[in-house]
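Just below is one structure, and these are the notes that go with it.
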Amino acid sequence: MMTGAGATPMLAACRALAKAAAAAFGTVLLAGCISFGADPPDRLLTLTPAVSAPAGSATDGDVSTALAVLEPTAAQRLTVTRVPVTVDDSSLAYLQDAFWVERPARLFQRLLAETIRAGGNRLVLADDDLQYSAPTKLSGQLVELGYDATRSSVIARYDALLQLPDGRVLTRRFESTVPGIAPEAAAVGPALNQAANEVAAQVAEWVG
(Lines give C-alpha, C1' and ligand atoms only; values in the text may rest on other atoms or scores of the structure.)
Protein backbone atom coordinates (compact mmCIF):
# COMPACT_ATOMS: atom_id res chain seq x y z
CA MET A 1 0.00 0.00 0.00
CA MET A 2 1.24 3.49 -0.90
CA THR A 3 1.45 6.05 1.87
CA GLY A 4 2.81 9.52 2.12
CA ALA A 5 2.67 12.48 -0.24
CA GLY A 6 2.19 10.42 -3.40
CA ALA A 7 -0.87 8.59 -2.06
CA THR A 8 -3.41 11.37 -2.58
CA PRO A 9 -2.80 12.01 -6.32
CA MET A 10 -2.76 8.29 -7.02
CA LEU A 11 -6.00 7.74 -5.11
CA ALA A 12 -7.69 10.60 -6.92
CA ALA A 13 -6.63 9.21 -10.28
CA CYS A 14 -7.98 5.77 -9.40
CA ARG A 15 -11.29 7.21 -8.29
CA ALA A 16 -11.62 9.25 -11.52
CA LEU A 17 -10.88 6.17 -13.60
CA ALA A 18 -13.49 4.16 -11.70
CA LYS A 19 -16.13 6.86 -12.20
CA ALA A 20 -15.39 7.05 -15.94
CA ALA A 21 -15.68 3.28 -16.31
CA ALA A 22 -18.96 3.23 -14.38
CA ALA A 23 -20.37 6.03 -16.52
CA ALA A 24 -19.38 4.28 -19.75
CA PHE A 25 -20.82 0.97 -18.58
CA GLY A 26 -24.05 2.70 -17.51
CA THR A 27 -24.35 4.32 -20.91
CA VAL A 28 -24.07 0.94 -22.61
CA LEU A 29 -26.77 -0.49 -20.35
CA LEU A 30 -29.01 2.53 -20.93
CA ALA A 31 -28.65 2.26 -24.70
CA GLY A 32 -29.79 -1.34 -24.50
CA CYS A 33 -32.90 -0.45 -22.47
CA ILE A 34 -34.23 2.62 -24.29
CA SER A 35 -36.15 2.25 -27.53
CA PHE A 36 -36.99 5.17 -29.79
CA GLY A 37 -39.66 3.30 -31.74
CA ALA A 38 -39.66 0.99 -34.73
CA ASP A 39 -37.37 1.65 -37.64
CA PRO A 40 -39.06 3.75 -40.36
CA PRO A 41 -40.20 1.83 -43.44
CA ASP A 42 -37.82 1.70 -46.39
CA ARG A 43 -40.45 3.07 -48.77
CA LEU A 44 -43.35 5.51 -48.29
CA LEU A 45 -45.89 5.68 -51.09
CA THR A 46 -47.76 8.74 -52.29
CA LEU A 47 -49.82 9.85 -55.30
CA THR A 48 -48.27 12.37 -57.67
CA PRO A 49 -50.43 14.02 -60.36
CA ALA A 50 -49.46 13.24 -63.95
CA VAL A 51 -50.57 16.77 -64.88
CA SER A 52 -50.42 19.85 -62.67
CA ALA A 53 -51.31 23.49 -62.99
CA PRO A 54 -48.10 25.40 -63.81
CA ALA A 55 -46.46 27.57 -61.19
CA GLY A 56 -47.95 31.06 -61.09
CA SER A 57 -51.18 30.02 -62.77
CA ALA A 58 -54.39 31.37 -61.31
CA THR A 59 -58.05 30.64 -61.86
CA ASP A 60 -60.59 33.33 -61.04
CA GLY A 61 -64.19 32.59 -60.35
CA ASP A 62 -67.11 33.05 -58.08
CA VAL A 63 -67.70 30.60 -55.27
CA SER A 64 -71.19 30.10 -56.66
CA THR A 65 -69.70 28.42 -59.74
CA ALA A 66 -66.79 26.66 -58.03
CA LEU A 67 -66.31 22.93 -57.69
CA ALA A 68 -65.52 21.56 -54.26
CA VAL A 69 -63.53 18.34 -54.23
CA LEU A 70 -64.20 16.61 -50.94
CA GLU A 71 -62.23 13.81 -49.37
CA PRO A 72 -63.98 10.57 -50.32
CA THR A 73 -65.05 8.02 -47.81
CA ALA A 74 -63.10 4.79 -48.02
CA ALA A 75 -63.68 1.10 -47.68
CA GLN A 76 -62.52 -0.22 -44.32
CA ARG A 77 -59.39 -1.84 -45.73
CA LEU A 78 -58.29 1.58 -47.02
CA THR A 79 -58.59 3.47 -43.74
CA VAL A 80 -55.04 2.50 -42.77
CA THR A 81 -51.72 3.44 -44.34
CA ARG A 82 -51.07 -0.08 -45.63
CA VAL A 83 -51.59 -1.38 -49.17
CA PRO A 84 -54.30 -4.08 -49.23
CA VAL A 85 -53.73 -7.30 -51.13
CA THR A 86 -56.64 -9.43 -52.31
CA VAL A 87 -55.50 -13.01 -51.79
CA ASP A 88 -58.78 -14.66 -52.85
CA ASP A 89 -62.52 -13.98 -52.69
CA SER A 90 -62.56 -14.20 -48.90
CA SER A 91 -59.02 -13.31 -47.79
CA LEU A 92 -57.15 -10.04 -47.45
CA ALA A 93 -53.55 -9.28 -46.54
CA TYR A 94 -51.30 -6.23 -46.65
CA LEU A 95 -48.27 -5.77 -48.87
CA GLN A 96 -44.97 -6.13 -47.06
CA ASP A 97 -42.77 -3.02 -46.74
CA ALA A 98 -45.35 -0.76 -48.43
CA PHE A 99 -46.82 2.14 -46.46
CA TRP A 100 -48.72 5.23 -47.58
CA VAL A 101 -47.35 8.54 -46.36
CA GLU A 102 -50.90 9.34 -45.17
CA ARG A 103 -54.44 8.05 -45.63
CA PRO A 104 -54.98 7.00 -49.27
CA ALA A 105 -58.37 8.75 -49.40
CA ARG A 106 -56.68 12.04 -48.52
CA LEU A 107 -53.99 11.50 -51.13
CA PHE A 108 -56.63 10.68 -53.75
CA GLN A 109 -58.61 13.84 -52.94
CA ARG A 110 -55.55 16.00 -53.59
CA LEU A 111 -54.80 14.10 -56.79
CA LEU A 112 -58.36 14.63 -58.04
CA ALA A 113 -58.35 18.32 -57.19
CA GLU A 114 -55.01 18.96 -58.91
CA THR A 115 -55.97 16.99 -62.02
CA ILE A 116 -59.25 18.89 -62.42
CA ARG A 117 -57.52 22.21 -61.66
CA ALA A 118 -54.89 21.52 -64.32
CA GLY A 119 -57.67 21.43 -66.92
CA GLY A 120 -58.17 25.14 -66.28
CA ASN A 121 -61.94 25.02 -66.76
CA ARG A 122 -63.03 25.33 -63.16
CA LEU A 123 -62.29 27.10 -59.92
CA VAL A 124 -61.48 24.11 -57.72
CA LEU A 125 -61.72 24.30 -53.95
CA ALA A 126 -60.06 21.75 -51.70
CA ASP A 127 -58.45 21.90 -48.26
CA ASP A 128 -60.37 25.08 -47.58
CA ASP A 129 -63.42 26.03 -45.55
CA LEU A 130 -64.86 27.64 -48.70
CA GLN A 131 -65.35 24.22 -50.27
CA TYR A 132 -68.44 23.67 -48.14
CA SER A 133 -70.11 26.78 -49.59
CA ALA A 134 -69.61 25.70 -53.21
CA PRO A 135 -72.93 24.55 -54.71
CA THR A 136 -71.23 21.93 -56.89
CA LYS A 137 -69.53 19.21 -54.87
CA LEU A 138 -67.59 16.13 -55.90
CA SER A 139 -67.48 13.39 -53.31
CA GLY A 140 -67.87 9.62 -53.31
CA GLN A 141 -66.10 6.53 -52.07
CA LEU A 142 -62.63 5.19 -52.73
CA VAL A 143 -63.58 1.54 -53.15
CA GLU A 144 -60.23 0.08 -54.15
CA LEU A 145 -56.62 1.17 -54.29
CA GLY A 146 -54.54 -1.94 -53.87
CA TYR A 147 -53.08 -5.11 -55.29
CA ASP A 148 -54.97 -8.18 -56.56
CA ALA A 149 -52.72 -11.23 -56.16
CA THR A 150 -55.11 -13.43 -58.12
CA ARG A 151 -54.60 -11.24 -61.21
CA SER A 152 -51.12 -9.83 -60.50
CA SER A 153 -52.69 -6.42 -60.99
CA VAL A 154 -53.07 -3.09 -59.28
CA ILE A 155 -56.62 -1.73 -59.19
CA ALA A 156 -58.00 1.75 -58.50
CA ARG A 157 -61.77 2.10 -58.18
CA TYR A 158 -63.74 5.22 -57.26
CA ASP A 159 -67.50 5.65 -56.97
CA ALA A 160 -68.02 9.35 -57.70
CA LEU A 161 -70.96 11.42 -56.54
CA LEU A 162 -71.47 14.83 -58.13
CA GLN A 163 -73.95 17.18 -56.46
CA LEU A 164 -75.15 19.90 -58.85
CA PRO A 165 -76.48 23.37 -57.96
CA ASP A 166 -80.00 22.48 -59.12
CA GLY A 167 -80.16 19.66 -56.59
CA ARG A 168 -79.51 16.80 -59.00
CA VAL A 169 -77.04 14.11 -57.98
CA LEU A 170 -75.00 12.17 -60.54
CA THR A 171 -73.09 9.01 -59.77
CA ARG A 172 -70.59 7.02 -61.77
CA ARG A 173 -67.97 4.35 -61.14
CA PHE A 174 -64.43 4.87 -62.45
CA GLU A 175 -61.82 2.14 -62.55
CA SER A 176 -58.33 1.48 -63.83
CA THR A 177 -56.29 -1.73 -63.78
CA VAL A 178 -52.54 -2.07 -64.32
CA PRO A 179 -51.69 -5.74 -65.02
CA GLY A 180 -48.46 -7.72 -64.82
CA ILE A 181 -47.22 -6.25 -61.55
CA ALA A 182 -44.98 -8.20 -59.16
CA PRO A 183 -46.11 -8.27 -55.52
CA GLU A 184 -43.33 -5.98 -54.36
CA ALA A 185 -43.49 -2.44 -53.03
CA ALA A 186 -41.02 -1.19 -55.67
CA ALA A 187 -43.37 -2.34 -58.45
CA VAL A 188 -46.75 -1.80 -56.81
CA GLY A 189 -46.08 1.83 -55.79
CA PRO A 190 -45.64 3.27 -59.31
CA ALA A 191 -48.52 1.12 -60.61
CA LEU A 192 -50.85 2.49 -57.93
CA ASN A 193 -49.87 6.02 -58.92
CA GLN A 194 -50.53 5.22 -62.58
CA ALA A 195 -53.94 3.67 -61.88
CA ALA A 196 -55.00 6.52 -59.59
CA ASN A 197 -53.97 9.11 -62.20
CA GLU A 198 -55.96 7.31 -64.90
CA VAL A 199 -59.05 7.36 -62.69
CA ALA A 200 -58.50 11.05 -61.84
CA ALA A 201 -58.26 11.90 -65.56
CA GLN A 202 -61.52 10.08 -66.23
CA VAL A 203 -63.24 11.97 -63.42
CA ALA A 204 -61.85 15.32 -64.63
CA GLU A 205 -63.28 14.69 -68.10
CA TRP A 206 -66.63 13.74 -66.57
CA VAL A 207 -67.06 16.83 -64.41
CA GLY A 208 -65.85 19.11 -67.24
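The values are calculated or read from the model by the stated rules, or taken from the named source; none is laboratory data. None of these values were measured; they are calculated from a predicted model. FYI the Cβ positions are ideal-geometry reconstructions off the backbone, even for glycines, and counts take in every protein chain you see.
Could you grab me the full set of residues in region 61-76 that are loosely packed, with under 13 Cβ neighbours inside 10 Å, under 16 Å from Asn121 (Cβ atoms) and at pLDDT 90 or above? If the condition is that a residue be loosely packed, with under 13 Cβ neighbours inside 10 Å, under 16 Å from Asn121 (Cβ atoms) and at pLDDT 90 or above, then no residue fits.
State all residues of region 182-198 that are farther than 18 Å from Arg43 by Cα and either in contact (Cβ under 8 Å) with a residue 60 or more places away in the chain or among the polar types (S, T, N, Q) (or both); if no residue qualifies, say none.
First pass over region 182-198, keeping only residues farther than 18 Å from Arg43 by Cα: 195-198.
Residues satisfying the conditions are Ala196, Asn197.
In region 159-181, which residues are free of Cβ contacts under 8 Å to residues at least 40 places away in the same chain, touching a helix residue (DSSP H, G or I) at 6+ places or on another chain (Cβ under 8 Å), assigned to a strand (DSSP E or B) and of a type in the set (A, V, I, L, M, F, W, C)? Matches in region 159-181: Phe174, Val178. Taking Val203, is it of a type in the set (A, V, I, L, M, F, W, C), surrounded by 15 or more Cβ atoms within 10 Å (Cβ to Cβ) and assigned to a helix (DSSP H, G or I)? Yes.
Return yes when Val188 is modelled with pLDDT of 95 or more and surrounded by fewer than 16 Cβ atoms within 10 Å (Cβ to Cβ) and no when it is not.
Judged against the criteria, Val188 is not a match.
Evaluating Ala98 against the criteria (1) under 27 Å from Val207 (Cβ atoms); (2) hydrophobic (A, V, I, L, M, F, W, C); (3) modelled with pLDDT under 95 leaves one unmet condition, (1).
With respect to (1) at pLDDT 95 or above; (2) closer than 22 Å to Trp206 by Cβ; (3) β-branched (Val, Ile, Thr); (4) in contact with a helix residue (DSSP H, G or I) (Cβ under 7 Å, 6 or more places away or on another chain), the lone exception for Val124 is condition (1).
How many residues does region 78-134 contain that are of a type in the set (Val, Ile, Thr), touching a Ser or Thr at 6+ places or on another chain (Cβ under 8 Å), touching a residue at least 60 places away in the same chain (Cβ under 8 Å) and closer than 25 Å to Val154 by Cβ? Walk me through how you get there before you give the answer.
So in region 78-134, the residues of a type in the set (Val, Ile, Thr) come out as 79-81, 83, 85-87, 101, 115-116, 124.
In the following step, the residues that additionally are touching a Ser or Thr at 6+ places or on another chain (Cβ under 8 Å) were identified as 86-87, 101, 124.
So of that shortlist, the ones also touching a residue at least 60 places away in the same chain (Cβ under 8 Å) come out as 86-87, 124.
Filter once more, so that each one left must be closer than 25 Å to Val154 by Cβ: 86-87.
So the answer is 2.
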